[in-house]
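Novice: Below you'll find the structure I mean.
The values are calculated or read from the model by the stated rules, or taken from the named source; none is laboratory data. Just so it is clear, the model here is predicted, and its values are computed rather than measured. Glycine also receives a Cβ, built like all others from the backbone with ideal geometry; neighbour counts cover every protein chain displayed.
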Amino acid sequence: AVLRRAAGAAARAASRQCSISVALAHAAPEGFDPVEAVRAVAEGLVLGAYRYDEYKTKGDRPVLAEATVVDPSGRAKAGRDAVAAGVAAAQATCLARDLVNEPGGSLTAPVLAERAAEVAAGAGLGCTIHDEKAARKLGLTGLLTVNRGSAVPARYVELTYEPAQAAKGTPTIALVGKGITFDAGGLSIKTADGMATMKCDMGGAAAVLGAMSACAALHVPVRVEGHLPLTDNMLGGDAMRVGDVIRHYGGSTTEVLNTDAEGRLILADALAYATETRKGHAAPDAAIDLATLTGACMVALGSRTAGLFSADDGLAERLSEAALRAGEAVWRMPLAEGERHRIESKIADRKNTGYKHGGAIHAALFLSDFVADGVPWAHLDIAGPAFNEEGDDADTPAGGTGFGVRTLLEALTAPWP
């Protein structure tokens, strides 16, 4: 993490230079694999050089065009492979950053779905886009109910990655990303300040798409399925009402008591759909969701650390170790069953709000209801670290950070049982 951040700071500081040579890998601690040091430096250089200038009209800001990484390992091919891997992971992160930084008025659900299809075509992924008619036929009622207040139709995107050496026993990992392209809060409307950064509410979907874009380049050894429920959360004339009851995919029901707790409503459908066994689809060996879900998680952990919820110690440990290698801060939080009564409803199977304290736990417990029995599952609440409201910092820019992409890639590339 230190080498990555140092390389990011160097790239940012050298933005007015056409090219630089970097020997930071020589500074790796004793016992640290120099090839891994080379990868971290390459990754940090790309992350630190990132700029989002799509809407700047007064000339381009200078940006570093080329960097040479000095490899201390003496293993030429291994060094080149390490640079390529670092660049691939960083470019995947920058893809997620670009998507998060794009305004919600231009990156609507249909546009994001088409962007996903373009990425899939370039990365060797399978891609199926379900429009609102197809989503209704599937029974994705949580997604469609949130979409009722919008003039822009919802989309549901399925992505698939098949490793080159896949066999019958190759594990399948399902990734689910919250894709609220702009969150006004619905009828439980946000304040103006509360809406200011809400183009980032699709950060989970961006992270899943970014990670899957690099699966082939990084030779991820497992099958990966991506699920992206996409809509905005607006206040149109037929918007979801407080007190409405949703019958989700799979048949269970939720009473809506706050329309601004909409992310869990679309994730509920996606988790149920992604983890079930049905004709032509086996349940995955594990499921991971990422979502900019609760301000309560930011209250607990601050703006740079994601909350990790899982009842499966093995999956939680895998993600914690992956985040450590990726340089992304993750802290395991309790999936406290003693809090489940907080989301009980008098008229439905559950409600979409909890008690005033412990909101991140209540949201995670809500999601756990929709995961098929026997499927290991983890939830990453990335509400804080998905968007940096402060200034540029080494390998982390202001705005969209792409948080979660590198953690997912580290988790997917590590050996699975």
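Novice: Scan segment 356-378 and report the pairs whose first residue is farther than 14 Å from Gly263 by Cβ and whose second residue is among the charged types (D, E, K, R) and at pLDDT 95 or above, with Cβ atoms within less than 6 Å and a gap of 6+ or a chain change.
Specialist: Gly358/Glu339; Ile361/Glu339; Leu365/Arg340; Ala372/Glu276; Pro376/Asp312
Novice: Scanning segment 108-118 for residues that are closer than 26 Å to Ala49 by Cα and either surrounded by fewer than 19 Cβ atoms within 10 Å (Cβ to Cβ) or not assigned by TED's automatic domain parsing to the domain that holds Leu230 (or both), which turns out farthest from the chain's Cα centre (by Cα)?
Specialist: Glu118
Novice: I'd like the residue in segment 1-48 that is of a type in the set (Val, Ile, Thr) and part of a helix (DSSP H, G or I) and, out of all such residues, is modelled with the lowest pLDDT.
Specialist: Val2
Novice: Before we move on, is Ala164 of a type in the set (A, V, I, L, M), surrounded by fewer than 22 Cβ atoms within 10 Å (Cβ to Cβ) and outside any loop (DSSP other than H, G, I, E, B)?
Specialist: no
Novice: What is the residue count in segment 167-197 for residues that are farther than 30 Å from Gly237 by Cα and either part of a loop (DSSP other than H, G, I, E, B) or outside the structural domain of Val371 (by TED's automatic domain parsing) (or both)?
Specialist: 5
Novice: If Glu132 meets every condition in (1) without any contact (Cβ under 8 Å) to a residue 12 or more places away in the chain; (2) in the same structural domain as Leu271 (by TED's automatic domain parsing) apart from one, which number is that one?
Specialist: (1)
Novice: Filter segment 276-295 down to the residues that are among the hydrophobic types (A, V, I, L, M, F, W, C) and more than 18 Å from the chain's Cα centre (by Cα), then identify the one that is surrounded by the fewest Cβ atoms within 10 Å (Cβ to Cβ).
Specialist: Out of the qualifying residues, it is Ala282.
Novice: Next question, about the same structure. Taking the residues in segment 201-226 that are assigned to a loop (DSSP other than H, G, I, E, B) and in contact with a strand residue (DSSP E or B) (Cβ under 9 Å, 6 or more places away or on another chain) as candidates, determine which candidate is nearest to Ala378 (Cα to Cα).
Specialist: Here the residue is Val222.
Novice: Looking at segment 346-365 only, could you name the residues that are surrounded by fewer than 23 Cβ atoms within 10 Å (Cβ to Cβ) and over 22 Å from Arg247 (Cβ atoms)?
Specialist: Answer for segment 346-365, where residues must be surrounded by fewer than 23 Cβ atoms within 10 Å (Cβ to Cβ) and over 22 Å from Arg247 (Cβ atoms): Tyr355, Lys356, His357, Gly358, Gly359.
Novice: Right, something else. Just one of (1) in contact with a Cys (Cβ under 7 Å, 6 or more places away or on another chain); (2) without any contact (Cβ under 8 Å) to a residue 24 or more places away in the chain trips up Gly307, so point out which.
Specialist: (2)
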